[in-house]
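Everything on this sheet refers to the single structure shown next.
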Amino acid sequence: AVEKNKTLEEFSLASTKITLSTSIQRRLVLNDKLLHIDLSENSLGANGAKYIAKYLRKNPPLSILSLRGCGLPNALRNNITLLSFHMSGNNIKVKSGRKDLIQIALCDPTSLQSIAESNHICLVTLNSGNNGNFHTFEDKFRSINALENEGQKIRYKVIAALFTLKTIEFNPREFQHIPLELMPRLLGLVQQQMGYGKYGREVWKAPMKKGSNPCLTRVYEVVQGWSMMPSLFA
């Protein structure tokens, strides 16, 4: 009756030992009002994971998906609408999928393009073991996604990728043709470091380090390679 119910918003089959059969898949697809699906503690298997991935790629109005204890790999690639994704109890280790899942659900910091296309609203919850958080910074990215301003979320993720995680190479030559009106914004960004001073302290606390300030070096490199600099003093 799920596919005939046009007002149902919450659907739970938790701990019912079900599999994602064709009939259940069809019911989920036909209902475009569902906001909360709970399939926890069911052995869904590889086929179930494939279907969930296919379902999420369509960006349904779903806000909460709970898959606790389902033994599933990631199923979030290309989904940008999911708000909450519960995956605790799936024993996802860092070297066998946890890092990939965090990149897909919260932020892929490997390029500026991947950051822009990341899910900026999902609050993924994994089991807390295996020192996963130390390697993936998932609590920090989850805190960023909990912010309200999307532009701020993207800026924080870019700064973290460039200067904290260093998953993106900082190349000042890429900014040599930036127009004059954008240069103050760029210089403001390259001076930042997540968790230092007051920048991003609400989501990314970092210990203060002694020694030279790398931010000043970055500012110098950007200004030195800027193509418009000679014309300003001509």
Given (1) at pLDDT 90 or above; (2) crowded, with 20+ Cβ neighbours inside 10 Å, identify the lone condition not met by Leu147. (2)
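Name the single residue, out of those in segment 30-55 being modelled with pLDDT under 70 and buried (at least 16 other Cβ atoms within 10 Å of the Cβ), that is nearest to the chain's Cα centre (by Cα).
Among those residues, the one meeting the criterion is Ala53.
Under the condition of being open to solvent by less than 100 Å² (accessible area, probe 1.4 Å) and under 13 Å from Arg218 (Cβ atoms), which residue from segment 170-187 is nearest to the chain's Cα centre (by Cα)?
Just the residues of segment 170-187 that are open to solvent by less than 100 Å² (accessible area, probe 1.4 Å), to begin with: 170-172, 175-176, 178-180, 182-184, 186-187.
Among the residues that remain, those that are also under 13 Å from Arg218 (Cβ atoms) are: 170-172, 175, 186-187.
Details: Phe170: 21, Asn171: 24, Pro172: 26, Phe175: 26, Leu186: 23, Leu187: 25 Å.
Taking the candidates together, the pick is Phe170.
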Residue ID - least open to solvent (accessible area, probe 1.4 Å), chosen from residues in segment 201-234 that are in a helix (DSSP H, G or I), among the hydroxyl-bearing types (Ser, Thr, Tyr) and modelled with pLDDT of 85 or more: Thr217
Cβ-Cβ distance below 9 Å, separation of 6 or more or different chains: which pairs start in segment 102-119 with a residue that is more than 19 Å from Lys140 (Cβ to Cβ) and end on one that is at pLDDT below 85 and of a type in the set (A, V, I, L, M)? Glu117/Ile80
For segment 215-231, pairs from a residue that is over 24 Å from Thr164 (Cβ atoms) to a residue that is exposed (fewer than 15 other Cβ atoms within 10 Å of the Cβ) and aliphatic (A, V, I, L, M), with Cβ under 7 Å and 6 or more apart or across chains, are Met228/Leu180
Quick one: in segment 17-29, of everything that is assigned to a loop (DSSP other than H, G, I, E, B) and open to solvent by 30 Å² or more (accessible area, probe 1.4 Å), which residue is modelled with the lowest pLDDT? Ser21
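The values are calculated or read from the model by the stated rules, or taken from the named source; none is laboratory data. Please read these numbers as outputs of a predicted model, since none were measured by experiment. For neighbour counting, all protein chains shown are included, and Cβ atoms are generated from backbone atoms with ideal geometry for every residue, glycine included. Just so you know, the surface numbers come from the protein's heavy atoms only, side chains and all, with ligands and any DNA or RNA stripped out. Shrake-Rupley method; radii C 1.70, N 1.55, O 1.52, S 1.80 Å.
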